[in-house]
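A short write-up of the structure that comes next.
The numbers here are math on the coordinates, done by the rules we state, and not lab data. Note that this is a predicted model, so its numbers are computed, not measured. When we count neighbours, we look across all protein chains shown, and the Cβ atoms used for this are built from the backbone with ideal geometry, even at glycine.
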Amino acid sequence: MVKILSIIAAVFFGTLFCLLLLLHYMGRRKHPPEEEAAERKALEQRILSPDWTFYERHLQRPAPPALRELFKEIGLVTRCGLEFSKSGGISTFNPLDENSLIDTADQLGFDVVPFATSDCGDAIFLRPGKDAPDTVYIAYHNDPGKGLVVFANSVAAMIERSRKVNVFT
C-alpha cells in the first residue's frame, strides 16, 4: 500500500512539475525576453523625457527643482528597487506625462500623476494645488482608509534619504 501511494505521489508531482514547466514555456513565448527588453527601453525613454508642461499644469504650480534634477539623473531615475525605509521602498520611477495620470478624484478629491511607485505598487506623488507644499505623499491602494500618508517632507528630502540608504555605483 505504501508503495502504491509513493508511486501515485511521484506521478502526481512529476505531472505537476511538467505542467509548470509547460506554463512557464508558454508564458515566455507570449513575452519573449527581447519584447520585454524593448518594453523596458520604451518605458525608460518616457521616464527620461518628462512632459514638464503637462506636469506643471497638473500640479498647478512649477515643478520642484529637486524633481527636475532627479529626472536628469539617468542612473537614479531608471534604477529599480530602491530602499527607502524599513517599511518600504521605491520600486520604480514613473514617466511624467499624460498617460501616467491616474483618476483618483473619487477617492482623494483630485487626480494624481505619480512620479514613483512603491515596492507594493502604491502611488508616490505630489499633491496638486496652487498653494500645496512640495510634500511627497503615498496612497496605499490596499488600504484606502489610511488616506494620504506623508512619504517624505519634500522631493529633496526623499532624494537625500534614498542616497543615504542605497549604494549607487
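Mark the label point 7 Å from the Cα of Gln60 along Cα→Cβ and return the residues of the stretch 91-133 whose backbone N is within less than 12 Å of it. Only 109-111, 127-133 pass the distance filter. Computed from the Cα positions only, the extents of the stretch 87-135 along the three principal axes stand at 28, 23, 20 Å, in decreasing order. Distance between the modelled labels on Asp119 and Asn153, one decimal in nanometres: 2.5 nm (7 Å Cα→Cβ projection). The modelled label-to-label distance between Ala105 and Glu73, using points 7 Å beyond Cα along the C-beta direction, is 3.5 nm. Panel values: the stretch 41-165, Kirkwood radius from alpha carbon pairs, Stokes-Einstein at 37 °C and 0.692 mPa s, translational diffusion coefficient 226 µm²/s. Annotation: amide H of His141 within the under-5 Å range of Ala123, sequence separation 5 or more or interchain, hydrogens built in the peptide plane.
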